[in-house]
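J.: Pasting in a structure now, in structure tokens, and then I'll have a few things to ask.
The values are calculated or read from the model by the stated rules, or taken from the named source; none is laboratory data. Quantities reported herein were computed from a predicted structural model and do not represent experimental measurements. All Cβ positions, glycine included, derive from the backbone under ideal geometry; neighbour counts span all protein chains shown. Each accessible area value is taken on the protein alone, full model and side chains, heavy atoms only, with ligands, DNA and RNA left out. Shrake-Rupley method; radii C 1.70, N 1.55, O 1.52, S 1.80 Å.
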Amino acid sequence: MNMENQGATADPQLQQFIEIESQKQRFQQLVHQMTEVCWEKCMDKPGPKLDSRTEICFVNCVERFIDTSQFILNRLEQTQRSTVSFSESMSE
């Protein structure tokens, strides 16, 4: 019986660990995707140093990528809330 109690208390910790690792993986995928997009857009000729035009392009690209990602996330959350609200109103 003691083993069952230990398993029950470890389960939330395991779930939290899995969620944290999933968030890390999503973040790494986002950084990889952003790097790929901005590299293709901004890097004409790789060299030992970035010129100011290329540097500005990278900064703008990263900022727009973050803005777009945030916009999509917010839109998905709104859609999800609307769907939940609609489902709750239909069940009443």
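J.: When you go through Q6, Q16, Q23, Q29 one by one, which is the residue that is at pLDDT 90 or above and either open to solvent by less than 100 Å² (accessible area, probe 1.4 Å) or not in a loop (DSSP other than H, G, I, E, B) (or both)?
T.: Q29
J.: What number of residues in region 45-62 are of a type in the set (V, I, T) and either in contact with a Gly (Cβ under 8 Å, 6 or more places away or on another chain) or open to solvent by 80 Å² or more (accessible area, probe 1.4 Å) (or both)?
T.: Qualifying residue count for the region: 1.
J.: Let me ask another. State whether one or more residues within region 73-80 are open to solvent by 80 Å² or more (accessible area, probe 1.4 Å), of a type in the set (S, T, N, Q), over 22 Å from the mean Cα position of the chain (by Cα) and modelled with pLDDT of 85 or more.
T.: The answer is no, given that none of the residues of region 73-80 is open to solvent by 80 Å² or more (accessible area, probe 1.4 Å), of a type in the set (S, T, N, Q), over 22 Å from the mean Cα position of the chain (by Cα) and modelled with pLDDT of 85 or more.
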